[in-house]
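For reference, the structure is listed below as structure tokens.
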Amino acid sequence: MLLENDLFTQNLEGLPPLGKAPETLAHLHSLGQALPLLQHLQSDDLLADLAPVAKRFQAFGDVLILGTGGSSLGGQTLLALRDPHHKIPRFHFLDNIDPYTFATLLPTLDIQKTGVVAISKSGNTAETLMQLLVCLQQGGQMVSPGQLKDHFLIISEPLDNGIRRLAATCDLPCLDHPTDIGGRFAAFTVVGMLPALIAGMDAQALRVGARKCLSAALAAKETDVCQPLQGALAHLALAQSGITQTVLMPYADRLGPFTLWFRQLWAESLGKKNHNQHHQAITPLQALGTVDQHSQLQLYLDGPRNKFFTVVTLDHEKDAFKIIRPPVGHPAVDLFQGKTMGDLMQAEQQATINTLRRHQCPTRVIHLKVLDEETLGGLMMHYILETLAMAHLMGINPFDQPAVEEGKILTQQYLAYPQ
């Protein structure tokens with residue numbers, strides 16, 4: 001089965017019968033009309049509002065993005081496509097609280113030429129608050145208190161929370177995080193769009209690609225022409241036969257952060273209890289071609305048959321790095337005579353697909369026509385819709401994460417009363 005749109009094709013050949021799910025298709029249609037994260041895409045007013053903020057941060061030599069999970073991964077995914085010629089400002093996504101990372105980075109920065117964007121939807125995220133406090137303390141040693149507002153920006157819900165209180169105390173400017181869009185779904189909001197604009201990317205094209213994918217799904221009248229729903233149905237059919245892991249393996253370094261974004265989106269949205277024993281939670285795994293041919297393919301082929309593979313391919317540059325040196329008399333070297341690095345990447349991605357299928361590993365291929373902002377926006381929206389469709393098929397709420405709360409409570413207790 002080959003499904004195609006303006007941005008990419010999806011090949012589901014060789015998988016078990018997927019069946020029909022008209023009620024889930026109707027559910028996606030209803031979400032398109034009412035779900036805030038999808039309605040948010042219909043206007044580009046946000047980009048116009050953010051333009052002057054982005055221009056201010058473009059004047060810095062370095063920009064720190066503080067936040068964790070969805071507050072960081074969406075921006076990292078988008079900026080992986082940044083034009084490499086735009087080297088200033090340099091971006092540092094600080095999504096952890098390892099003291100070593102901060103101790104090695106902060107002394108290398110010129111605080112006078114550094115901007116800091118702290119992102120926390122709830123405003124009470126412990127990791128982000130600690131990151132921000134450390135940066136404020138460091139910045140306060142280099143600039144006057146009145147200058148901090150020129151270097152710092154807070155993105156949070158417009159509610160009475162910890163980060164807003166801290167911002168008010170230090171007179172820091174704030175932007176509103178939508179209250180009705182969760183962090184892992186927020187890449188097309190200020191959370192992802194501001195870093196993209198600061199980086200000089202085509203943020204409008206990102207949203208256009210997302211809208212194209214959304215419009216195609218909402219225009220589908222039948223289950224078997226809705227790409228995201230077909231992906232969800234494939235996962236469901238395979239899960240019922242014991243396939244409980246899904247591997248996302250793109251053949252492009254620029255999609256490495258995308259696999260991490262997908263992993264959180266899928267795991268946090270779908271990794272929950274439900275009362276249908278046939279609808280098991282499916283663990284997302286990220287991989288990267290060709291690197292993981294050498295580290296994981298052996299397990300994929302000869303290990304447990306519990307994985308569904310999605311291989312993301314594209315047509316790689318065919319002219320760059322053509323080998324023209326004379327033969328050396330060894331087949332391992334002479335094989336590359338007249339070939340390019342892109343030729344090798346093309347051969348390797350096709351070889352992996354064929355090998356997986358010959359070993360009867362269920363494999364989907366998503367082929368990107370190009371890899372640019374519009375395509376990436378469409379690909380991210382595809383996975384958002386596929387996740388929402390899967391949640392409906394499984395009968396769970398994709399927007400909460402109740403199991404995480406226990407760890408947050410214990411962290412606060414241990415910090416207040418060390419063991």
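The numbers here are math on the coordinates, done by the rules we state, and not lab data. Remember, it's a predicted structure, so these values are computed and weren't measured experimentally. Backbone-built Cβ (ideal geometry, glycine too); neighbour counts: all protein chains shown.
Values computed for the structure shown
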quantity	calculated
Average Cα contact separation per residue, the range 39-204, under 8 Å, 6 or more apart, as relative contact order %	32
Total charge dipole magnitude, the range 126-177, about the Cα centre, Cβ charges on Lys, Arg, Asp, Glu only, Debye to nearest 20	140
Inter-part distance where the range 42-97 and the range 142-207 are each reduced to a Cα centre, Å	10
Per-pair calculated FRET efficiency, R0 = 60 Å: Asp45 and Lys273 via Cβ, rounded to 0.05	0.95
Of the GluC sites (Glu not before Pro) in the range 309-381, those whose Cβ has at most 14 other Cβ within 10 Å and which sit in DSSP loop	Glu317
Separation of the Thr179 and Lys20 label points, Cα + 7 Å toward Cβ, nm	4.2
For Val247, residues with placed amide H under 5 Å, excluding near neighbours	Leu285, Phe308, Phe309, Thr310
Charge dipole (debye, nearest 20) of the range 39-204; +1 at Cβ of Lys and Arg, -1 at Cβ of Asp and Glu	320
Leading residue at positive end of dipole, the range 339-419 (Cβ point charges), from Tyr383, Val365, Pro418	Val365
Residue of Phe57, Phe102, Phe185 that the Gaussian network model of the chain assigns the largest fluctuation, springs spanning Cα pairs under 10 Å	Phe102
Estimated distance in nm for a label pair at Thr244 and Lys87, the labels positioned 7 Å out from Cα along Cα-to-Cβ	4.9
HN-Hα J in Hz across the range 391-400 - Karplus 6.51, -1.76, 1.60, θ = phi - 60°, x for Gly and Pro	4, 5, 5, 8, x, 10, 8, x, 9, 10
Packing-based ranking, highest mean first, of 357-364, 298-305, 264-271 given that Cβ atoms within 10 Å are counted	264-271, 357-364, 298-305
Most to least packed among 87-100, 62-75, 218-231 [average Cβ atoms within 10 Å]	62-75, 218-231, 87-100
Ellipsoid equivalent to the range 1-128 - semi-axes via the Cα gyration tensor, in Å	38, 19, 18
Distance histogram in 10 Å bins (all Cα pairs of the chain, percent per bin)	4, 20, 29, 24, 16, 6, 1, 0
Segment Ser30-Gln350, extension gain: residue separation times 0.36 nm, minus the distance between their alpha carbons	111.4 nm
Separation in nanometres of the label points that stand 7 Å from Cα toward Cβ, at Lys113 and Arg357	5.2
Among 174-182, 288-296, 122-130, the order from most to least packed when residues are scored by Cβ within 10 Å on average	122-130, 174-182, 288-296
Positive dipole terminus of the chain, leading residue within Gly242, Leu66, Pro327 (C-beta point charges)	Pro327
Helix 22-34 vs. the chain, principal-axis angle (Cα, 0 to 90°, nearest 10)	30
Burial ordering of Val333, Val365, fewest other beta-carbon atoms within 10 Å first	Val333, Val365
Additional length obtainable on full extension of the chain from Ile324 to Asp6, 0.36 nm per residue less Cα span	110.9 nm
Nearest-ten-degree value, helix 70-79 long axis tilted from longest Cα axis of the chain	60
Efficiency of FRET between Asp315 and Gln412 - r from beta-carbon atoms, R0 60 angstrom, step 0.05	0.75
Derived scalar couplings ³J(HN,Hα) [the range 52-63; Karplus, 6.51 cos²θ - 1.76 cosθ + 1.60; whole Hz; x for Gly, Pro]	x, 5, 4, 4, 5, 6, 5, 6, 7, x, 9, 10
The range 39-204: equivalent-ellipsoid semi-axes (sqrt of 5 x gyration tensor eigenvalues, Cα, Å)	22, 19, 15
Taking the chain and dividing mean pair separation by its residue count, relative contact order in percent (alpha carbons under 8 Å, at least six apart)	22
Net charge dipole size for the range 321-374 [Lys, Arg +1 and Asp, Glu -1 on Cβ; Debye, nearest 20]	280
Extended-chain gain in nm, criterion 0.36 nm per residue less alpha-carbon gap, Thr101 and Thr283	62.6 nm
